Structure formats: structure tokens, C-alpha cells
Amino acid sequence: MNSIQQEILLELRNLSTVYPTKRGLVRAVDGVGFSVKRGQILGIVGESGCGKSTVLLSILRLIRRPGYIDQGQIIFRGQDLRGLSSNAMRNIRGREISMIFQDPLSTLNPAFQIGQQIHESLRLHQVIDGSRSLGPLKMGQRAREKERVLEVMTEVGIPSPVDRYTAYPHQFSGGMQQRALIAIALVCEPALLLADEPTTALDVTIQAQILDLMRRINQNRGTAIILVTHDLGLAAEFCDTIAVMYAGRIVEQGPVDDVVANPQHPYTQGLLACRPRISERGQRVQPIPGNVPDLAELPPGCPFAPRCSYQRGACDEGPIPLVSTSLGNISRCLLHVDYRRQKDWKWTDRVALEA
Amino acid sequence: MRAIKILERVIATIPIMFGVAIMVFLFMRLTPGDPVDIMMGQGGAVSAGEMERLRHEFHLDQPLSIQLWLFLKDAFRGDLGYSYVQKRPVIDLIVERLPATIELALGALIFGLIIAMPVGIISAVRQNSLLDRFSMAGAFLGISMPAFWLGIILILVFSVRLHWLPVQGRIDHSAGLQEVTGLYVLDSLLTGNREAVASSLKHLALPAVTLGAGVAAVVARVLRSSMLETLRSDYVTLARAKGASEWMVVLKHALRNALIPTVTVVGLQIGVLLGGNMIVETVFGWPGLGRLVVTAIFNRDFPLVQGTVMVYAFTFVMANLIVDVLYTYLNPKITL
């Protein structure tokens with residue numbers, strides 16, 4: 001790896017996003033932190049409702065009211081996005097950081113042509129030179145912009161882009177719609193691509209094509225990607241590092257090989273155990289017992305404790321810290337904090353460990 | 001392609017108009033009351049022979065089927081017959097009155113939309129704000145208020161008390177307007193007659209507001225609720241994620257899609273505008289079709305009622321055609 005690839009592009013520090021509800025404040029994202037280097041692919045894995053999509057929307061500051069970012073920093077290329085004016089933030093969106101969504105049909109605007117929708121990003125950020133030219137020069141700029149749109153459409157694998165430019169979203173298949181969305185995200189050549197379950201709504205064969213396309217973009221352009229998915233297997237294949245989220249918090253994080261081969265947190269272990277595998281025929285899939293907790297009524301301690309087979313008294317006493325495990329992962333569980341050292345671990349010892 | 005489809009739709013209105021003609025003919029005949037009796041009612045001293053002569057002149061002594069045949073045959077050639085009471089061709093009476101009705105309906109529609117568009121959009125963007133609550137309460141009032149009552153209240157306030165606006169009529173004749181289209185506001189603009197512009201607008205203001213209040217209320221509510229829906233949609237999130245400014249998100253991405261259900265409702269409101277004008281024209285002494293048809297119904301003036309109703313029906317069908325065409329521009333999923 002060279003030095004450019006080591007450069008940290010985005011770093012989240014202790015990010016919390018909350019939604020006030022009638023039943024109290026829901027912490028959809030609670031103290032999440034991670035960093036993404038240039039050209040890196042980070043996977044965020046978790047069940048639905050664990051806050052993984054909210055993390056992506058928080059990065060772009062697109063949390064819908066009444067929700068808001070409560071605390072933390074979103075450091076992109078050295079500056080905290082939370083400190084930016086709304087104008088400056090708009091220049092980041094779509095230009096530096098782009099996002100693709102889960103359901104391509106509802107995400108494309110049904111009233112506009114595909115080409116227009118790709119072109120809009122380009123024009124919003126005036127990526128193609130000649131913004132201040134008038135008259136015939138403007139025509140030249142328009143032509144160059146259109147050329148760029150067609151180029152991106154070709155790159156994402158939309159066949160006969162000249163004809164498809166004027167097509168409307170409902171005339172596209174699901175796979176083509178997702179390609180069009182990726183084209184919208186890529187047309188300004190962003191440094192970071194946020195992908196929110198980009199393949200969930202697609203057929204398995206199309207899924208593979210879309211992932212392939214994203215990997216190609218990552219390799220050719222050096223675009224860093226944050227992939228949000230509920231599918232640990234998919235993340236394992238696609239990502240460099242993985243963060244597993246549960247109830248708004250990261251419970252385990254590390255290089256993909258370590259997390260998949262040696263999951264440290266009981267929740268990650270559970271997720272891996274409930275994947276059906278062809279190689280182990282006849283073995284029953286083991287589901288994680290219980291349900292995802294209600295975010296409005298989280299226990300003071302580990303939110304996974306009620307479903308966890310390793311659960312002990314200490315788990316419920318207070319927040320569990322993220323600690324480095326012996327393998328280089330970080331995990332939010334008392335198990336590897338103390339288990340080997342002393343069996344009757346007391347809550348008061350935690351402070352010392354954290355320091 | 002679109003032009004051919006539109007032409008097809010225009011041709012398809014012929015059977016519709018045919019049906020309307022038969023219906024209005026039959027309904028008028030089913031209504032109790034003999035036109036000749038009503039005509040002669042006030043005079044009293046008319047001989048039975050004279051009445052027979054009139055019935056014969058109007059073909060009222062013929063069997064219903066023959067009457068219908070005569071009516072349809074003439075109507076097909078564009079001859080809607082003679083008014084029993086006014087003794088003039090129905091077509092002339094309609095042509096004389098139609099511009100006034102169109103002017104009032106257009107004035108009401110434009111007033112309604114000018115109020116409804118910003119109110120609907122801003123109420124949706126600032127949902128649950130004071131402005132939203134206030135304007136939705138206003139819309140509720142607008143829907144529930146009967147036009148005749150609103151008209152009278154407006155006359156009392158703006159004409160009788162404040163003397164700002166005239167009580168009735170379309171224009172001061174002292175303005176010396178030269179008629180071109182029969183729409184006085186348009187005519188005075190075309191002829192550059194400033195005095196007439198002011199006068200015709202002043203005369204139009206109260207009737208248009210009275211008739212347009214209901215339209216404004218209905219359209220504002222529909223636009224608000226469809227904007228609320230489109231503002232929550234994924235494509236609006238995408239527009240924001242692209243870096244579009246807030247007004248572009250609202251006015252381009254959200255509004256464009258919210259207009260689709262709104263246009264349907266506006267199309268339906270055209271029927272309300274045509275129906276409501278009978279009341280409003282009566283309240284404001286507006287010399288349009290509405291008043292003409294009301295008097296004609298009371299007089300059992302069969303040819304005049306038939307002619308007027310057919311004009312109403314034709315306007316309504318055409319308005320719906322325009323809405324359908326607009327629809328295909330707004331919603332690419334729909335073709336004519």
C-alpha cells in the first residue's frame with residue numbers, strides 16, 4: 001500500500017443521531033466512530049433498524065426533522081462537516097460524497113428523463129467548465145456535459161446510452177434503474193460513495209453485476225465506499241473492513257478476514273451462525289433467539305444481553321466499552337475484557353480497564 | 001403522435017354530445033309545466049286558438065319522437081332553434097352571453113390558483129407551522145361557505161360599506177371599451193384602454209373571488225397533501241443528496257410530482273365553476289350563461305335550455321380533455 005491509500009478520507013467520532021418520539025428520545029445512532037481511508041471499502045452490517053442507514057444520512061447531514069445529530073464529529077478531508085454552512089454542505093453532497101439507495105424505482109424521480117437526472121448533478125456542481133459563458137459557448141458546455149453523461153452511462157453498463165438518455169425511470173428494469181442511480185452518484189467523480197443496501201431490491205444475478213460494477217469503480221477510480229448491508233456474507237466478500245452495528249452502536253469492528261474468521265462479539269458470532277452454508281449440509285441454521293430491542297427503551301447495559309448466551313450479571317449494569325481484542329478487532333463485550341483474567345469480574349473494575 | 005390522439009379524443013366527443021342532447025331534451029320534457037301556458041300565464045286573455053297556434057309553431061303538438069328528431073337534425077347542422085320567449089336564435093343568445101361566463105370562470109380559476117399554489121406549497125413545507133394551521137382553517141372555511149352568502153358579504157363590505165368596488169355589472173360604459181373577444185379584461189388590454197382595464201377588473205374582482213374561493217380552498221388542500229407526500233419520497237432525498245438547493249428540491253422535484261393529483265382536481269373544479277356561476281352571476285348581476293339558463297328553465301324555454309346545457313357539456317368535456325393532455329406532460333407513465 002502506498003501513502004495515498006493510507007490517507008484518511010472520512011472519520012466519524014462519537015457520532016450520535018437522535019429522533020425525539022412520543023415515547024422519548026430514540027438514539028438511532030449512539031456514539032459511532034470509524035474511519036475510511038482513500039480507496040477503502042468499509043461495510044456496515046446489522047439487522048434492520050440498527051441505525052446503519054441513519055449513519056449514512058448523518059454523514060450527508062440529511063437527517064429528516066424532527067431527528068437531528070446530537071453530538072460527534074464528521075471529519076471529511078480534515079474538516080468537520082457539522083461545522084459547514086448549508087451552502088458549503090451542498091457543495092459536498094453529490095460532488096465529494098455521493099449516495100445510492102436501496103429502492104431504485106422510488107429513488108429516481110418518475111417525472112424526469114434518466115439523462116436529465118444524471119445531468120442535474122453535473123450541472124448543480126458545474127463540474128464541466130464554461131459555467132460563465134453565454135450564448136453559443138453555453139451550447140458547447142451543454143454538449144460537453146451531455147457527452148460526460150453518456151460516458152458515465154456507458155461506464156455503469158447502460159447499453160445504447162444515447163437512446164436511454166431520454167427514457168423515463170419506469171421504462172427501465174430494476175437493474176438498469178440501479179445502474180442509473182450509480183451513474184447519478186458517479187457523474188461528478190466523488191471521493192466517497194455511500195451505498196445503502198444497493199442490491200437488496202435486486203435479483204441475485206443482477207446483485208452480482210452491481211457489486212462487480214461498484215468494485216470496478218473502487219479499483220479504477222480509487223473511490224472509497226461505505227456499504228451498508230444486512231448481509232454479512234456479502235460484506236465479507238466485498239469489503240476491506242467491517243463494522244457490525246447493533247441497536248445504534250458498533251459492537252465489533254475490524255479487518256474483514258478477522259471479523260469473519262474470528263468473530264469476537266457474540267452478536268457477530270450469531271450473525272455468522274445463522275447464515276446458511278452449502279458446505280455444511282444437513283446442519284441446521286441457528287437463528288439468534290429473541291428480537292431486536294426497542295430503541296426507545298434500551299437497557300442501561302449491553303442491548304444484546306437479553307439475546308446473548310454468554311450473558312452475565314455485569315452485562316446489565318452499565319455501558320460496555322469498545323475494547324481491542326487480542327486479535328486486533330475491537331469489540332464491545334465484557335467477554336474478552338476480563339473473562340480469561342478473572343471469572344468474578346466486578347463492575348467497578350471497568351473504569352480502570354477503560355483508562 | 002400526440003396530435004393524432006388529441007384529434008381522436010375530440011372526435012370522440014361527438015357521441016358524448018349526442019347523448020347529452022338526448023338527455024337534456026328528455027329531461028326538459030319530463031319537467032312539469034307547459035311552455036305556452038307559462039308564456040301566456042301573465043296575460044290571461046289569450047284565446048285557445050292562439051295558444052294552439054303557438055304550440056304548432058314550436059312543434060309542441062307533434063309526438064315526442066318527431067320533436068326529438070327535429071331537434072337533433074337541426075342541432076347537427078349547428079342550429080339550436082329559436083328561444084320561445086326571446087324570439088331570437090338560441091345560438092345568438094349563447095354567443096352573446098358566453099364571453100361573460102368564460103371571463104368569470106377564468107377569473108375565478110386564476111384567482112383560485114394564485115391563492116392555492118403558494119398556500120399549498122408553503123403549508124406543506126412548513127407543516128404544522130402557524131401559517132399552515134391558519135391557511136388550512138381558511139381553506140376549511142372556503143369549502144364550507146356557500147357562494148351566495150360569501151357574495152353578499154363581499155358586496156356588503158367592499159361595495160356598500162367601503163365603496164371600493166361596484167355592486168354589479170361587467171364594466172362602466174363610460175370607459176368606452178371596444179369589444180374584440182368579449183372578454184372585457186382582455187379586450188381592454190388589447191385595445192390599450194387603461195380606464196377600461198381598471199373598470200373591468202374592478203367589476204370582475206368580487207364575482208371572481210366569490211366563485212374562486214371554493215376552488216382555492218380545494219386546490220390548496222389537495223396540493224398540500226400531495227406535497228407532503230412527495231416531500232417525504234425517496235427521490236426528494238436523492239435530490240438533496242445530489243446537492244440541490246432547498247427551493248429546487250421543493251419547486252422542481254416535489255412540486256412537479258405533486259401537480260399530478262392536483263391537476264385532476266383542478267379539472268373537476270371546472271365543473272364547479274360552471275355550475276357555481278349560476279348563483280354567482282345572479283348575485284352579482286353578471287350577464288352570463290348562468291343567468292340565461294336559470295331564466296330559461298323557469299320559462300320552460302326548451303330550445304334555450306337545451307342549447308345552453310349543450311354548451312356547458314361541451315366546455316366540460318373540453319376542459320377534461322385539456323386536463324388529460326396536461327397529465328401526459330406531467331406524468332410520463334400516462335399516454336392519451
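The values are calculated or read from the model by the stated rules, or taken from the named source; none is laboratory data. Note that the structure is a prediction, hence the values are computed from the model and not measured. Quick reminder, even Gly has a Cβ in these numbers, built from the backbone with ideal geometry, and neighbours come from all protein chains shown.
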Out of (1) assigned to a helix (DSSP H, G or I); (2) over 30 Å from B:Ala296 (Cβ atoms), what's the single condition that is false for B:Ile91?
(2)
Can you confirm whether segment A:238-256 contains a residue that is more than 30 Å from A:Gly313 (Cβ to Cβ), in the same structural domain as A:Val18 (by TED's automatic domain parsing) and free of Cβ contacts under 8 Å to residues at least 60 places away in the same chain?
no
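I need the full set of residues from segment B:289-336 which are within 14 Å of chain A (Cβ to nearest Cβ) and part of a helix (DSSP H, G or I), in order please.
B:Leu326, B:Tyr327, B:Thr328, B:Tyr329, B:Leu330
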Select from segment A:99-109 the residues that are assigned to a loop (DSSP other than H, G, I, E, B), touching a strand residue (DSSP E or B) at 6+ places or on another chain (Cβ under 8 Å) and either of a type in the set (Asp, Glu) or at the interface with chain B (Cβ under 7 Å from one of its Cβ atoms) (or both) and list them in ascending order.
A:Phe101
For B:Arg240: the one exception among (1) in a helix (DSSP H, G or I); (2) away from chain A (no Cβ under 14 Å):
(2)
Residue check: is A:Leu122 in a strand (DSSP E or B) and touching a residue at least 12 places away in the same chain (Cβ under 8 Å)?
no
Which residue pairs have Cβ atoms under 9 Å apart, sit 6 or more places apart or on different chains, and have a first residue in segment A:161-189 that is farther than 18 Å from A:Ile97 by Cα and a second that is crowded, with 19+ Cβ neighbours inside 10 Å and of a type in the set (Lys, Arg)?
A:Gln171/A:Arg164; A:Phe172/A:Arg164; A:Phe172/A:Arg179; A:Met176/A:Arg164
Meets criteria (at pLDDT below 90 and within 14 Å of chain B (Cβ to nearest Cβ)) for A:Arg23
no
Considering each of B:Ala208, B:Ala217, B:Ala137 in turn, give the residue that is surrounded by 23 or more Cβ atoms within 10 Å (Cβ to Cβ), out of contact with any Phe, Trp or Tyr (no Cβ under 6 Å at 6 or more places or on another chain) and at pLDDT 90 or above.
B:Ala217
Could you identify the single residue in A:Gln73, A:Gln40 that is more than 14 Å from chain B (Cβ to nearest Cβ) and surrounded by fewer than 20 Cβ atoms within 10 Å (Cβ to Cβ)?
A:Gln73
Against the condition out of contact with any Ser or Thr (no Cβ under 8 Å at 6 or more places or on another chain) and within 13 Å of chain B (Cβ to nearest Cβ), how does A:Ala208 come out, does it pass?
no
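Taking the conditions exactly as written (of a type in the set (A, V, I, L, M), in a helix (DSSP H, G or I) and surrounded by fewer than 16 Cβ atoms within 10 Å (Cβ to Cβ)), does B:Ile143 satisfy them or not?
In short, yes.
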All positions within segment A:168-187 that are under 13 Å from A:Ile217 (Cβ atoms) and assigned to a loop (DSSP other than H, G, I, E, B):
A:Val187
Just checking, how many residues over segment A:110-127 are more than 7 Å from every other protein chain (Cβ to nearest Cβ) and either crowded, with 20+ Cβ neighbours inside 10 Å or modelled with pLDDT of 85 or more (or both)?
10
Selection from segment A:102-118 of residues small (Gly, Ala, Ser) and under 15 Å from B:Ala254 (Cα atoms) yields A:Ser106, A:Ala111
Just the residues that are touching a strand residue (DSSP E or B) at 6+ places or on another chain (Cβ under 6 Å) and surrounded by 15 or more Cβ atoms within 10 Å (Cβ to Cβ), please, taken from segment A:285-300.
A:Leu295
Does segment A:85-98 include one or more residues that are crowded, with 21+ Cβ neighbours inside 10 Å, in contact (Cβ under 8 Å) with a residue 12 or more places away in the chain, touching a strand residue (DSSP E or B) at 6+ places or on another chain (Cβ under 6 Å) and more than 9 Å from chain B (Cβ to nearest Cβ)?
no
